[in-house]
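J.: Pasting a structure below so you can have a look.
The values are calculated or read from the model by the stated rules, or taken from the named source; none is laboratory data. Just so it is clear, the model here is predicted, and its values are computed rather than measured. Cβ: placed from backbone, ideal geometry, glycine included. Neighbour counts: every protein chain shown.
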Amino acid sequence: MSVWRLCAAFCMLLLPVPGVIAQTLSTQSEVAPSREQVMKFLEVTQAKSRVEQVFAGMAKQARIGAELGFKQKVPDASPEQLARVDAISDSIFKEFSVDELIDAIVPIYQKHLSKSDLDGILAFYASPTGQKLLKEMPAILSESMEAGGEIGRKKMESINRRVEEQLQQMIVEEREKREKDEKRQPSKD
């Protein structure tokens with residue numbers, strides 16, 4: 001799974017409640033929320049810190065996966081080699097900008113939610129239940145990312161093994177084909 005797909009998947013986990021709370025989508029006749037209203041919503045829901053948390057969790061899972069992959073190929077890897085693997089893995093996530101992602105999602109919220117939808121959602125987050133959700137969301141997100149990372153690692157091990165077996169089979173088949181072709185052709189002596 002590409003990093004952007006993972007990012008998108010985690011962002012969908014990030015704020016699922018507004019979709020549930022706002023039972024209806026905006027229609028053409030409803031007033032779209034302003035950028036300021038969407039930004040207020042993102043601030044109240046601590047979206048920026050959640051995205052940062054998602055990126056940090058993804059980076060951690062990528063680092064673990066990279067180390068495991070390297071250790072499979074180099075079982076006696078030195079601490080220096082593992083540090084280099086970590087540095088390579090860490091450098092990938094330096095390319096991601098939380099502000100860029102936030103700027104990209106504002107128009108999406110404006111497209112799918114009306115001003116009145118956001119008013120209702122903001123009222124929910126001001127309620128005790130909304131505050132409880134906001135308080136618990138970092139732990140929920142962190143534990144979800146750990147569970148997802150573990151599932152991903154297990155699946156990738158199986159997928160990598162299967163791909164390696166298929167590639168190995170292709171190599172064997174190609175060798176056998178070449179050997180047959182060589183036996184059919186008379187030698188040019």
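J.: Hey, among LYS111, LYS132, LYS154, which residue is free of Cβ contacts under 8 Å to residues at least 60 places away in the same chain and either within 30 Å of ALA32 (Cα to Cα) or not in a helix (DSSP H, G or I) (or both)?
T.: Step by step, each of LYS111, LYS132, LYS154 is checked, and only LYS132 is free of Cβ contacts under 8 Å to residues at least 60 places away in the same chain and either within 30 Å of ALA32 (Cα to Cα) or not in a helix (DSSP H, G or I) (or both).
J.: OK, next. Applying the selection to the range 128-169, what residues are among the hydrophobic types (A, V, I, L, M, F, W, C) and over 24 Å from ALA59 (Cβ atoms)? Break it down stepwise before answering.
T.: If we filter the range 128-169 for residues that are among the hydrophobic types (A, V, I, L, M, F, W, C), which is where we start, we get 133-134, 137, 139-141, 145, 147, 151, 156, 159, 163, 167.
Residues satisfying the conditions are LEU133, VAL163, LEU167.
Conditions (1) at pLDDT 90 or above; (2) assigned to a helix (DSSP H, G or I); (3) surrounded by 14 or more Cβ atoms within 10 Å (Cβ to Cβ), marked per residue:
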| residue | (1), (2), (3) |
| --- | --- |
| CYS7 | no, yes, yes |
| MET12 | no, yes, no |
| MET39 | yes, yes, yes |
| LYS48 | no, yes, yes |
| ALA62 | no, yes, yes |
| LYS71 | yes, yes, yes |
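J.: Evaluate the range 93-102: report whether one residue or more is of a type in the set (Val, Ile, Thr) and farther than 25 Å from GLU36 by Cβ. Give the derivation first.
T.: At the first step, the residues of the range 93-102 found to be of a type in the set (Val, Ile, Thr) are 98, 102.
From what is left, the residues that are farther than 25 Å from GLU36 by Cβ are none.
Taking every residue of the range 93-102 in turn, none turns out to be of a type in the set (Val, Ile, Thr) and farther than 25 Å from GLU36 by Cβ.
J.: For LEU122, work out the one condition from (1) of a type outside the set (Gly, Ala, Ser); (2) modelled with pLDDT of 85 or more; (3) more than 23 Å from VAL54 (Cβ to Cβ) it doesn't fulfil.
T.: Unmet condition: (3).
J.: Please work out if LEU141 is closer than 29 Å to GLY65 by Cα, within 30 Å of the chain's Cα centre (by Cα), part of a helix (DSSP H, G or I) and of a type outside the set (Phe, Trp, Tyr). Walk me through how you get there before you give the answer.
T.: Values: closer than 29 Å to GLY65 by Cα: yes; within 30 Å of the chain's Cα centre (by Cα): yes; part of a helix (DSSP H, G or I): yes; of a type outside the set (Phe, Trp, Tyr): yes.
Yes, satisfied.
J.: Taking GLU80, is it at pLDDT below 90 and among the acidic types (Asp, Glu)?
T.: Values: at pLDDT below 90: no; among the acidic types (Asp, Glu): yes.
No, not satisfied.
J.: The conditions are (1) part of a helix (DSSP H, G or I); (2) more than 16 Å from the chain's Cα centre (by Cα); (3) surrounded by 13 or more Cβ atoms within 10 Å (Cβ to Cβ), and VAL54 fails exactly one of them. Which is it?
T.: Every condition holds for VAL54 apart from (2).
J.: Given the criteria exposed (fewer than 11 other Cβ atoms within 10 Å of the Cβ), assigned to a helix (DSSP H, G or I) and among the basic types (Lys, Arg), does ARG178 qualify?
T.: Working: exposed (fewer than 11 other Cβ atoms within 10 Å of the Cβ): yes; assigned to a helix (DSSP H, G or I): yes; among the basic types (Lys, Arg): yes.
Spelling it out, ARG178 is indeed exposed (fewer than 11 other Cβ atoms within 10 Å of the Cβ), assigned to a helix (DSSP H, G or I) and among the basic types (Lys, Arg).
J.: Since PHE96 meets every condition but one in (1) over 23 Å from GLU157 (Cβ atoms); (2) free of Cβ contacts under 8 Å to residues at least 40 places away in the same chain; (3) not in a helix (DSSP H, G or I), which condition does it not meet?
T.: PHE96 satisfies every listed condition except (2).
J.: When the range 140-156 is examined, which residues are found to be loosely packed, with under 13 Cβ neighbours inside 10 Å and small (Gly, Ala, Ser)?
T.: Residues of the range 140-156 loosely packed, with under 13 Cβ neighbours inside 10 Å: 140, 143, 147, 150-151, 154-155.
Selection gives ALA147 alone.
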